[in-house]
Amino acid sequence: MTIRPKIVENDPYLKPYSDIIERRFHKALDKAIELCGSELRLIDFANGHHYYGLHRDKNQWYVREHAPNATAIYLVGDFSHWQELPEYQLIRINDYGDWQQTFPIDKLEHGQLYKLSIHWNGGKGLRLPSYTRVAIQDPQTKLFAAQVWAPLKPYRWKNSKGPKITYTIIYEAHVGMATEEERVGTFREFADQRIPEIAKAGYNVVQLMAIMEHPYYGSFGYHVSNFFAVSSRFGNPDDLKYLVDKAHQYGLAVIMDLVHSHSVKNTEEGLGEFDGSRTLYFHDGPRREHIAWDSLCFDYGKNNVLHFLLSNCKYWLEEYRFDGFRFDGVTSMLYYDHGLGANFVNYDMYYNGNQDEDAIVYLTLANMLIHQVNPNAITIAEDMSGMPGLAIPFYDGGMGFDYRLAMGIPDYWIKIIKELSDEQWHVGDIYYQLTNKRLEEKVVSYAESHDQALVGDKTIIFRLIDAEMYTHMSKLTQSLIVDRGIALHKMIRLITFACSAGGYLNFMGNEFGHPEWIDFPRQGNNWSYWYARRQWSLRDDKLLKYHYLADFDQAMIELFTKNQALAGFYTYKVFEHIEHQILAFKRKNLLLIFNFSPTRSVVDFPIEAEPGEYDLALNTDSVNFGGFGLIKEPQTYFTLPVTLSDQRKTFGVMVYMPPRTAIVLQKKE
């Protein structure tokens, strides 16, 4: 089979690498055929979660485990007083390394704790089964034990599936820190309190962090130990199902952070030396440990690893009805050196032999599988390297992700806020940076995510306002610094949102300018939850200015959604004036005009526009959004013959634009 070289057709600079692109395609295709036959039904292959682990049928329990290096395995727990008893010993059933045992139905009960005691030549150790679905952490020892999960009344779904999303407007959230109290929030609280608010704000996708079980809360969920287990800090499996169900009820899709880029080193609750060997799931030698993350790196060349990870993808889609995934740490997976310190300034860096083609095959197969399970599923790649083909279809020479994260955009905003005075903001460069993408790929744009809020860093609002957030966010006080920060916060979000091509993302609380940073409980802060929460009361207090930003965010999303101005449409630059810092561009029937100048107003300034009438649909300077109200509202603009600054004669609108202001004009039908 040959591929349609669309990726090369769209980018002639890839032509010298077409042989490598085609080789990667055939390597993935051959692996899919090897695993599941010529029909490529990975959906029939990725069923490890149905085979391995602890299961109950009508008359008995059965447990299966894959541990080829083991010499003996016992199920131990509450039911055996944590002793190795013959009746709970597993039997090796094949040369592949599978072990199995069955038990009468009265031998185990829902809620009991258990582990595997695995013996190997030269040693033994307690382990959580590799397909553990519930793991409970002991508050004193911090160690985990698996829990028998078989409630008499299984959760009954009320909503069959999530909506089909044509343009992702993502609300990135962490359930544990979604409460204002100094504690860990729960799935049920998030479902009842946050889901209705997210839907009302206009978002259509919720992206949940830290769902897979992780030993250390402060890892933000990125040091996973038990890939099939729901993090018990937030609740049990039924609680998570309730959350997803509630989101679907409100018309929201739910995706989760999927961490297949590495795993914790832990052995008892992780996979580190599961059956006494170092290489069951991971590399050995110098490739075993991630030098930056203090974790273990999967060996994607092993079929049992592919089976484990692909089954994991299907499990979360099938068991919890997630609508897709954001794949974390894709850059780390793609390159032998994890992309550390690389600047990716030329195409050789994507095809120079530093690429882990086994990982590329895995990511390709994962996307193939996910879209077999759910054709409407959403897959997003977190890649900062810009690997060509990441987010284009497999048969066009790509890996099949639906989107890539536009990770350079938040870095760009940080750079100009930190390094340039307001007078130096170059509107042409801003527009270029926000619209620069590969022709064939959809991207998720964002001004900031959770990454920019972590301790030691600053959110955009904190960079703009800093210490005055503590003293001048009351409506009873005035501050030029706060005025500037609120104005630019709205403009940055509007232009990032409006220039996006495929999707947009916001981290929980940043829409209203949540103060300070994120810092999880740890020894260094005396195990405090003060910075691991969201202060919703700031947004809800109408005597404070935070609600202006939340109200603007909602109005922005509502306007673009109502006009279907995002899906399938791209921006068209109408005008830029570098000296005046004026930028105008169109998106479908919306005309957006920005004045980034901190001091210069423009009066009766001509902006080219198609003949017709335009309503003022959104105004960052509205008093409803914390502005000064210098632009008349409501207002209709009429086109007339104009002469532009380059002396070109055309039709346009004449606008008044105060400093640090953006407006959106909606063309009347």
Report task. Enumerate the calculated ³J(HN,Hα) couplings along segment 271-276 in order (Karplus 6.51 cos²θ - 1.76 cosθ + 1.60, θ = phi - 60°), each rounded to whole Hz, writing x wherever the residue is Gly or Pro. Result -> 10, x, 10, 3, 10, x
Query raised in the report: Using r as the Cβ-Cβ distance of Leu126 and Leu152, and R0 as 22 Å, what FRET efficiency do you calculate, to the nearest 0.05?
Result: 0.15
**Report entry** Residues of type lysines that Lys158 reaches as a straight line, Cα spacing below 29 Å, ignoring anything fewer than 8 places off in the same chain
**Finding:** Lys58, Lys200, Lys241, Lys246, Lys314, Lys562
Query raised in the report: According to the square roots a ≥ b ≥ c of the eigenvalues of the Cα gyration tensor, what is the shape class of segment 405-557, taking rounded for a/c under 1.5, prolate for a/b larger than b/c otherwise, and oblate for the remainder?
Result: prolate
**Report entry** For Ile255, distant residues with modelled amide H under 5 Å away
**Finding:** Val206, Gln207, Leu208, Asp323
**Report entry** With all protein chains modelled, accessible area of Asp466 [1.4 Å, Å²]
**Finding:** 60
Report task. For segment 540-667, calculate the relative contact order in percent as a whole number, restricting contacts to Cα pairs under 8 Å that are 6 or more residues apart. Result -> 28
Query raised in the report: Is segment 26-75 best put as rounded, prolate or oblate by its Cα gyration tensor, with a ≥ b ≥ c the root eigenvalues, rounded for a/c under 1.5, and otherwise prolate when a/b is larger than b/c, oblate when not?
Result: oblate
Query - Degrees, to the nearest 10: 18-36 long Cα axis against longest axis of the chain - result: 40
Requested in this report: Starting from the Cα of Ser528, move 7 Å in the Cα-to-Cβ direction to define the label point; list residues of segment 429-463 whose amide nitrogen is under 19 Å from there.
Outcome: 453-459, 462
Report summary line: Once amide hydrogens are built 1.01 Å from N within the peptide plane, the residues lying 5 or more places from His260 or on another chain with amide H under 5 Å from its amide H are Asp328
Query raised in the report: Carbon and sulfur together cover what percent of the accessible area of the chain at a 1.4 Å probe radius?
Result: 50
Query raised in the report: Hey, if we sort Glu172, Glu579, Glu22 by accessible area with the 1.4 Å probe, largest down, what's the order?
Result: Glu579, Glu22, Glu172
Report summary line: So the angle from the long Cα axis of helix 480-499 to the longest Cα principal axis of the chain, reported in degrees to the nearest 10, equals 70
Query raised in the report: For Val455 and Leu340 in the same chain, what is the full-extension length gain: residue separation times 0.36 nm, less their Cα-Cα distance, in nm?
Result: 39.3 nm
Query raised in the report: Can you put Tyr131, Tyr13 in order of accessible area, largest first, using a 1.4 Å probe?
Result: Tyr13, Tyr131
Report summary line: Hull surface over four for the Cα convex hull of the chain, reported in nm², is 31.5
Query raised in the report: For Thr471 and Lys418, what is the calculated FRET efficiency with R₀ set at 35 Å and r taken between the beta-carbons, to the nearest 0.05?
Result: 0.95
Requested in this report: For helix 357-373, report the angle its Cα long axis makes with the longest principal axis of the Cα atoms of the chain; keep it between 0 and 90° and round to the nearest 10°.
Outcome: 80
Requested in this report: Normalising by the residue count of segment 489-615, find the relative contact order in percent from Cα pairs under 8 Å and 6+ residues apart.
Outcome: 19
Query raised in the report: What spacing in nm lies between the two simple spin-label points modelled at Asp106 and Gln535, each 7 Å away from Cα in the Cβ direction?
Result: 5.9
Query raised in the report: Given labels modelled 7 Å from the Cα in the Cβ direction, how far is it in nm from Lys142 to Ala567?
Result: 4.7
Query raised in the report: What chymotrypsin sites (Phe, Trp or Tyr not before Pro) in segment 549-588 are in a loop by DSSP, with at most 15 other Cβ atoms within 10 Å of the Cβ?
Result: Tyr570
Report task. Evaluate the distance, in nm, between pseudo-label points positioned 7 Å from the Cα of Lys58 and of Arg484 along their respective Cα→Cβ axes. Result -> 7.4
Requested in this report: Estimate the FRET efficiency between Tyr96 and Asn436 by the formula 1/(1 + (r/R0)^6), using the beta-carbon distance for r and 35 Å for R0, to the nearest 0.05.
Outcome: 0.10
Report summary line: With all protein chains present and a 1.4 Å probe, the order of His260, His81 from largest accessible area down is His81, His260
Query raised in the report: PRE reach from Thr71 (point 7 Å along Cα→Cβ): which of segment 87-122 fall under 18 Å by backbone N?
Result: 89-93, 97-99, 117-122
Report summary line: The relative contact order of the chain, taking Cα pairs under 8 Å that sit 6 or more residues apart, comes to a percentage of 11
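The values are calculated or read from the model by the stated rules, or taken from the named source; none is laboratory data. On a predicted model such as this, the values are computed, not experimentally measured, just so you know. Counting neighbours? That spans all protein chains shown, and the Cβs are built from the backbone with ideal geometry, glycine included. Keep in mind that these areas ignore ligands, DNA and RNA; they rest on the heavy atoms of the full protein, side chains included. Shrake-Rupley method; radii C 1.70, N 1.55, O 1.52, S 1.80 Å.
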